[in-house]
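In what follows, a structure is listed as structure tokens, so that the remarks can point back to it.
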Amino acid sequence: MHIVALGLALALSAQQGPGPNRGREKPMDVQMTIDDYNPKSLLVVPEHKVPRAKYPFVDVHNHQNRASGAALDKLVKEMDDINMGVMVNLTGRYGKNLAENVQAQKGKYPKRFVIFANINFENLDDPGYADKAGKQLEEDIRNGAQGLKIFKNFGMDLKDAKGRVTVDDPRFDKVFEVCGKHKIPVLIHTAEPLGLFLPMDGNNERWLELKLHPGRGRTPDKYPLWENLMAEQHRLFAKHPKTTFIAAHFGWFGHDLGKLGQLLDKMPNMMIEFGAIVEELGRQPRTARAFFIKYQDRILFGKDTYRKEEYGTYFRTLETGDEYFDHDRKYHGIWKMYGLDLPDEVLRKVYYKNALRIIPGIDKSGFPK
Ligand SMILES: [Zn+2]
């Protein structure tokens with residue numbers, strides 16, 4: 001119905017007067033999908049590609065489960081190319097696996113890797129679970145874990161005999177107290193981008209992602225509401241003021257930095273990292289720049305999925321004032337990006353100073369003063 005109407009409108013404009021179809025015998029009525037429509041911008045403005053970060057940086061959000069041997073050597077070479085001083089591998093696991101991961105990665109490159117532990121969720125219903133989980137983490141810290149990572153199944157998919165386990169479930173208080181006691185941070189991923197919780201229709205800016213990855217939809221028949229998950233996460237942070245929490249992916253508030261600022265104001269133990277949300281920054285360069293300057297002590301560099309060639313877009317967004325450039329993943333948002341042109345002092349904090357302050361035990365010799 002809409003297509004017919006649009007065709008009619010084009011036909012009329014072609015006949016009647018100025019516009020792209022003036023002089024054509026017949027309007028072009030090519031049908032295409034969002035996937036096909038990839039206009040090449042004719043805009044000519046200065047471009048500054050940034051394949052290597054201006055300062056050495058700590059990537060606090062990475063996954064390198066069991067990378068070792070030659071694969072690890074290759075990874076370190078690539079890290080050198082892009083100026084990644086330290087990679088935080090969040091997939092350290094627990095127990096024997098954690099110890100092996102530490103050995104394989106830090107054993108060979110002690111200055112280049114940081115390993116975070118994960119929680120063992122087996123036997124959640126046992127009355128002794130909380131103590132056991134706390135003790136396990138103590139052991140993992142002794143074996144070299146420098147932080148704890150909570151994956152997104154926590155709050156969304158994790159269930160016990162009674163049903164869904166909430167993000168602020170008291171059973172895990174012990175674990176978070178252990179983190180506070182040892183001053184290791186908790187990097188926590190709760191929920192998903194708001195758009196994935198909304199109906200998949202023509203108004204949803206995540207429509208393409210939902211089409212390409214149908215399993216990512218978080219419809220209310222199967223999942224708790226986004227707002228409830230966020231509230232649970234914030235209650236958890238407030239409950240453990242002596243523990244430092246890093247909300248992954250800007251806590252999924254990249255689209256509402258005003259609200260995110262209020263949360264940071266309220267909870268001094270909350271930090272944030274921008275893994276997989278660079279497109280949120282690049283679509284609001286003025287607001288994001290002001291936010292980075294105001295909260296320069298609270299923001300960490302994160303990327304999540306490791307693809308060497310995608311880091312340049314992060315550096316370009318942070319370091320340059322470039323206009324109207326593409327990001328790497330169209331399905332994360334159908335729009336162009338603009339650089340934040342951050343001041344050097346802010347860049348240094350985001351690239352490494354904040355991470356060196358928050359994560360214990362990183363060798364500082366590879367970073368400028
Ligand atoms: Zn991740």
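The values are calculated or read from the model by the stated rules, or taken from the named source; none is laboratory data. In this text, all values refer to a predicted model and were calculated from it rather than measured experimentally. Note that we place each Cβ from the backbone using ideal geometry, even for glycine, and neighbour counts take in every protein chain shown.
Output the number of the condition that Gln296 fails; it satisfies all remaining conditions of (1) touching a residue at least 40 places away in the same chain (Cβ under 8 Å); (2) buried (at least 19 other Cβ atoms within 10 Å of the Cβ); (3) not charged (D, E, K, R). Here Gln296 clears every test but (2). Total residues in the stretch 221-253 satisfying the condition of being out of contact with any strand residue (DSSP E or B) (no Cβ under 8 Å at 6 or more places or on another chain), without any contact (Cβ under 8 Å) to a residue 60 or more places away in the chain and within 16 Å of the ligand (Cβ to nearest atom): the figure is 0. Counting the residues of the stretch 296-321 that are touching a strand residue (DSSP E or B) at 6+ places or on another chain (Cβ under 8 Å) and away from the ligand (no atom under 16 Å from the Cβ) gives 5. Exactly one residue among Lys242, Lys294 is assigned by TED's automatic domain parsing to the domain that holds Lys54 and more than 16 Å from Pro185 (Cβ to Cβ), and that residue is Lys294. Just one residue in the set Phe176, Phe154 is closer than 30 Å to Pro214 by Cα, crowded, with 20+ Cβ neighbours inside 10 Å and aromatic (Phe, Trp, Tyr); that residue is Phe154. For the stretch 330-362, which positions are in contact with a strand residue (DSSP E or B) (Cβ under 9 Å, 6 or more places away or on another chain) and at positive phi? Once the filter is applied, which keeps residues that are in contact with a strand residue (DSSP E or B) (Cβ under 9 Å, 6 or more places away or on another chain) and at positive phi, the stretch 330-362 yields only Gly361.
When you scan the stretch 326-347, do you find a residue that is within 27 Å of Lys40 (Cα to Cα), among the β-branched types (Val, Ile, Thr) and within 16 Å of the ligand (Cβ to nearest atom), even just one? No, there is no match, as no residue in the stretch 326-347 is within 27 Å of Lys40 (Cα to Cα), among the β-branched types (Val, Ile, Thr) and within 16 Å of the ligand (Cβ to nearest atom).
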